[in-house]
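Undergrad: After the structure tokens below, expect a handful of questions from me.
Throughout, read-outs are computed from the coordinates displayed, never taken from laboratory work. Quantities reported herein were computed from a predicted structural model and do not represent experimental measurements. Don't worry about glycine lacking a Cβ; one is built from the backbone with ideal geometry, like all the others, and counts go over all protein chains shown.
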Amino acid sequence: MLALTELGQRLRQERESKGLSLEDLQKLTKIQKRYLLGIEEGNYEVMPGKFYVRAFIKQYCEAIGLDTDAIFEEYKSDIPSTQTEDMPQQLSRVRSRKEIPQHTKGVSKAYDYLPTVLVVAGVVVVGIIIWVIAQNIVSDKNKEQANQEAPNSEVQQSNTQEETNETTAKNDNSKSEDEQSAADKKEQEKEKAEKEKAAKEKAEKEKAEKEKAEKEKKDSGKQEYKEVQKTGRSATYALSGTDAFNLEVTSTQADTWLDVKNGKGNPFFSSILKKGETKEFDLTKETEARVNIGYSPGVELKVNGKAVDLPFDSSKQVRQVVTIQYQPAEAQ
């Protein structure tokens, strides 16, 4: 086990303070766990190249919310500078004439007889072709003679076959039309059922949206969400004038660590919130909620369906902690 560098110790402490394991960090950064461990231990020899050391450290810092430029400046003695690595020389695969095995000389002699073998094979092939053509000519003559001997019988058979084909074709057409008619009817019924289902779902959705909008409008008219204090990367807000406390958290740009607890420290969610994912929490029975966001760029908060701003500029403060104190309207 290697001794931790000052940089490695700083990164590990920051990661553990956010409750992140190396597996969680691997999912966030897409960097293999052994490379992340190598960064914390200062064991850069496990990296695929010196160029990747700085790139991996930069991704590590961004994932846990540290200022990359400040870290590189503060720990520049622990971070190797990028250097051009020499490519290994390729071994020549060209062998001299003397290195060719002697047993191949026998193969060269065999090639001397190849033209003769090809000529013989060509004569045999031509003979086979001529024999096949002759057999076809004899067969055609026999067929022509048989046709001349029984022309009337063939014509009669041909007429009978044509009548049979016409009758079969009529039956097939009639059957095909009936099957097509049944298939069309079934398809029409299916389309009608789908349209009715879609119309019903649309009506239910519109009704639900209307009820939600009316509720949000009613709540927004008296709901109050105001800032109480700010310090460091944390801010506290007071929510009042409403009988509901519903929280929505959405990540639109990248995966982020999200931790939501009540005032007693009991967790509602503590894991990775993937890009494009939304988590909803009904906190109506709680008096306080603490929302810890590991990577705030692109994260959106909604309180009772109404979007609220994050307390800090996410480009300057990546990690943010928002505490919401809730007092129901009926208790006021």
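Undergrad: Please compute the net charge surrounding Lys185, taking Lys and Arg as +1 and Asp and Glu as -1 over other residues with Cβ under 14 Å from its Cβ. All intermediate terms of the calculation are to be shown ahead of the outcome.
TA: Details: positive: Lys186, Lys190, Lys192; negative: Glu177, Asp178, Glu179, Asp184, Glu187, Glu189, Glu191.
Combined, the nearby Lys, Arg, Asp and Glu give -4.
Undergrad: Per 0.36 nm of contour for each residue apart, how much would the distance between Lys285 and Val125 grow if the chain were fully extended, relative to their Cα-Cα spacing?
TA: Full-extension gain reported as 48.2 nm.
Undergrad: Let me ask you something else. Is there a quick way to get the dipole size of the range 203-332? I mean about its Cα centre, with the Cβ of Lys and Arg at +1 and of Asp and Glu at -1; what is the value in debye to the nearest 20?
TA: Dipole of the range 203-332, to the nearest 20 debye: 320 debye.
Undergrad: Around Asp67, with a cut-off of 10 angstrom between Cβ atoms, what is the net charge of the other residues, counting Lys and Arg +1 and Asp and Glu -1?
TA: Overall, the nearby charge balance is -3.
Undergrad: Right, another one. Given a cut-off of 18 Å, name the pairs among Lys261/Lys302; Lys226/Lys275; Lys279/Lys302 whose C-alpha atoms lie farther apart than that in the structure shown.
TA: Working: Lys261/Lys302 16 Å; Lys226/Lys275 28 Å; Lys279/Lys302 11 Å.
Beyond 18 Å: Lys226/Lys275.
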